[in-house]
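**Q** Handing you this structure, nothing more for now.
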Amino acid sequence: MHLSVEADSLEFAATDGHRLAVVRAAMVEEIEGEPEAMEPFAVTVPGRTLRELERILVAQQSSEPVALYCDRGQLALQWGDYYITSRTLEGQYPAYNQLIPRQFDRQVTVERKLLLGALDRISVIADQKSNHIVKFSIDAGNQSLAISADAQDAGSGRETIESAQISGEDIDIAFNVKYLMESLKNLTTRPPARW
């Protein structure tokens, strides 16, 4: 994961070669020293280090803040009585900001649980031979979203969501249903994490 620190914000980015996740968060507490004098910096943290931190945080379920210390290729995370130290990864992280559009021509708003339910049902048909691909047909005129999948062995299926809010032109687009469902399952609305 690539962590970029500014005087008043944090940005986390991670990719596995197929998916890219970026989270921007405002800092809730001041960094030690003068925030205005702090120079922005960025580090790349090994995934194993973050999985260990996640394991501890999930097991303890506390809202206590995590402290981050970084210097000369070393990283330390402190959470209560727990300390994790790690080396940071060297090299240039991919320029992921160039992959994220600044504005979009189309926007679809749909209830997350409704979309997840439709994807779960249609995923039974999307097979491994087709890379678990499902097709989205976005109909702005009818304000509906149709999700379909075809498989030689299992046949075809279609789910329609009539309660979508759509702006922009109609479009047909395809996604890997496993990646999409994994992302949607992990989306939550909760207060920002304290760092």
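**Q** Sorted from fewest to most neighbouring beta carbons within 10 Å, what does the list I100, I147, I171, I125 look like?
**A** Ordered from fewest to most neighbouring Cβ atoms within 10 Å, I100, I147, I171, I125 come out as I100, I171, I125, I147.
**Q** Based on the Cβ-Cβ distance from K135 to E6, what FRET efficiency comes out when R0 is 45 Å, to the nearest 0.05?
**A** 0.70
**Q** Give a quick list of GluC sites (Glu not before Pro) in segment 113-172 that DSSP marks as loop, anything other than H, G, I, E or B, with at most 12 other Cβ atoms within 10 Å.
**A** E162, E169
**Q** Cut-off is 10 Å between beta-carbons; in what order do D16, D150 appear when sorted fewest neighbours first?
**A** Starting with the residue having the fewest Cβ neighbours, the order is D16, D150.
**Q** Can you tell me the dipole magnitude for the chain around its Cα centre, using point charges on the Cβ only (Lys, Arg +1; Asp, Glu -1), in Debye to the nearest 20?
**A** 680
**Q** Still on this structure: Cα to Cα, under 18 Å, and not fewer than 8 places away if on the same chain: which aspartates and glutamates meet these conditions relative to K178?
**A** Within the straight-line limit of under 18 Å, K178 reaches these aspartates and glutamates: D16, D120, D127, D150, E159.
**Q** For the chain, what does -39500 (n - 2.57) per DSSP helix run (n ≥ 4), summed and divided by total residues, give at 222 nm, in deg cm²/dmol to the nearest 500?
**A** -5500 deg cm²/dmol
**Q** Which one, A154, A76, T15, is farthest towards the positive end of the dipole of the chain when Lys and Arg carry +1 and Asp and Glu -1 on their Cβ?
**A** A154
**Q** Want the number for N142 to S156: 0.36 nm per residue separation, take away the alpha-carbon distance, what's left?
**A** Residue separation times 0.36 nm, minus the Cα-Cα distance, leaves 2.8 nm.
**Q** What FRET efficiency do you get for A174 and A42 if R0 is 45 Å and r is their Cβ-Cβ distance, rounded to the nearest 0.05?
**A** Given R0 = 45 Å and the Cβ-Cβ separation, E is 0.85.
**Q** Need one number: nm distance between label points at E90 and T188, each 7 Å from Cα along Cα→Cβ, rounded to one decimal.
**A** Distance between the two pseudo-spin positions: 3.8 nm.
**Q** How large are Rg and Dmax for segment 1-143 when calculated on the C-alpha trace, in angstrom?
**A** Using the Cα atoms of segment 1-143, the pair Rg, Dmax is 19.9, 57 Å.
**Q** Tell me, L10, L184 in order of fewest to most beta-carbon neighbours within 10 Å?
**A** L184, L10
The numbers here are math on the coordinates, done by the rules we state, and not lab data. It should be emphasised that the depicted structure is a prediction, and the values quoted were computed from it without experimental measurement. Note that each Cβ is placed from the backbone with ideal geometry, even for glycine, and that neighbours are counted across all protein chains shown.
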